[in-house]
Amino acid sequence: MKPLPKNIFSFPKILALAACAAWLLLLRPYPVTVFLAGCIACVTYPMYSWMEARTSRFWSALTYTVALSLCVVLPLVVVALLVAPQAVNAIDGLVNTNWVAKLGNHPIVITLDTWLKSVPGLEGGLRQMFTAATGYAGTLARTVLSSGVGLAGGTINAGLILLIFIMVSLMCVIHGATIREFSQEILGFSRARLRRFTVAVRKAVLGILVGVVLVACIQGVLCGLGFRVAKVPQPAFWGLLATFVAPIPFVGTALVWIPVVVWLWFTGMTKAAIGVTVWCMLVVTGVDNLLRPLFLKTGINATLVALILSIICGLAAFGPVGIFAGPVLVAVSIQAVKESRSTRRALLRMERACPQGGGPLA
């Protein structure tokens, strides 16, 4: 019987596993926050290392904390101060305005209403459908608003999550070298191999931040500008809503601008409806079709179909954090396949170089 390799139950590996278990137990209530903090730390570690090489650790950590806090808090403050009031007015407008009543005078609507009343179960016609749709739209808007803007409410839980996110990110970049050593000890990777995995994850997160998050923000701003020019009430809120739905594959911002175009058309603003349609189909959708695949493929060496599938499956499995988790897992799996092929080729070269019946693989 062959003896076990010496490093399987080595004392340093046991201590490293114990340390990881302790931290996992401590941070177990906040897995999503810790995962996102780790992704951000992986991306920002080179910048922190650059600052620490030129200043002291104290000033580097202070600068990093302030910069990360501003990047997280400022968008929430803007949403809370500028968009939230428009959101309340937009939701109230779904119920209080008489735009639904104005639709009844349109010839197309009259014809459709007459046909629907002949369908069993729809005796109320379009009025019945619009009443139900308005209620669903209000519920959806409030749900999206509470989930997307809720962090800006200043609750204790939101503040705690934000503090944990910043502190975990800071801890990871400060102790990056220690984390690398622990990872080498636990996984048994060489420093070069661990670095290749780290670079793969870093590129994937950067690709997601630019290709998904930044592109979604750009699309939301473009939608808001188009709505503003078309004189759509509360354009900032609908732009924010477009930002939230933009990462959804295949549909994205169309979930917002198509209902807006319908509303403009049936309220008599025909030119505005055509203008918003052209703007969103050419400019907003063009940004999505051109920039998102470009940035995602730059960060992750996979086909566009695999990237879209990873986002869809990530959203289904992990919720909103799946936008990051899905592509990151794909990047790790691709790198694992590359490492496996590289190791196999090295072993084959060693077999060919060794004489028959001898060598390290005999």
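Tabulated values for the structure
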| quantity | calculated |
| --- | --- |
| First in the range 274-302 and free of Cβ contacts under 8 Å to residues at least 40 places away in the same chain, second anywhere and in a helix (DSSP H, G or I) and among the hydroxyl-bearing types (Ser, Thr, Tyr), Cβ under 9 Å, 6 or more apart | ALA302/SER310 |
| Residue that is nearest to PHE318 (Cα to Cα), among those in the range 20-34 that are among the hydrophobic types (A, V, I, L, M, F, W, C) and within 22 Å of the chain's Cα centre (by Cα) | VAL32 |
| Residue in the range 199-217 that is of a type outside the set (S, T, N, Q) and over 25 Å from LEU315 (Cβ atoms) present | yes |
| Condition met for THR243 (at pLDDT 85 or above and surrounded by 20 or more Cβ atoms within 10 Å (Cβ to Cβ)) | yes |
| Verdict on GLY176 being within 30 Å of ILE334 (Cβ to Cβ), touching a Lys or Arg at 6+ places or on another chain (Cβ under 8 Å) and surrounded by 15 or more Cβ atoms within 10 Å (Cβ to Cβ) | no |
| Given (1) at pLDDT 85 or above; (2) hydroxyl-bearing (Ser, Thr, Tyr); (3) surrounded by fewer than 19 Cβ atoms within 10 Å (Cβ to Cβ), index of the condition THR267 fails | (1) |
| Number of the condition not met by GLU52 [criteria: (1) farther than 20 Å from VAL168 by Cα; (2) surrounded by 14 or more Cβ atoms within 10 Å (Cβ to Cβ); (3) of a type outside the set (Phe, Trp, Tyr); (4) at pLDDT 60 or above] | (1) |
| Filter result for the condition that a residue is farther than 29 Å from THR298 by Cβ and surrounded by fewer than 17 Cβ atoms within 10 Å (Cβ to Cβ), over VAL213, VAL262 | VAL262 |
| Answer residue from the range 227-284, given it is outside any helix (DSSP H, G or I) and of a type in the set (Val, Ile, Thr) and is farthest from GLY326 (Cα to Cα) among those | THR267 |
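Here's the yes/no breakdown for (1) more than 20 Å from the chain's Cα centre (by Cα); (2) at pLDDT 70 or above; (3) surrounded by fewer than 14 Cβ atoms within 10 Å (Cβ to Cβ):
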position: SER60; (1), (2), (3): yes, yes, no
position: CYS71; (1), (2), (3): no, yes, yes
position: LEU76; (1), (2), (3): no, yes, no
position: VAL83; (1), (2), (3): yes, no, no
position: ILE91; (1), (2), (3): yes, no, no
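The values are calculated or read from the model by the stated rules, or taken from the named source; none is laboratory data. This structure is a prediction, so every number in the text was calculated from the model and none was measured. No Cβ is skipped: glycine too gets one built from the backbone with ideal geometry, and neighbour counts run over all protein chains shown.
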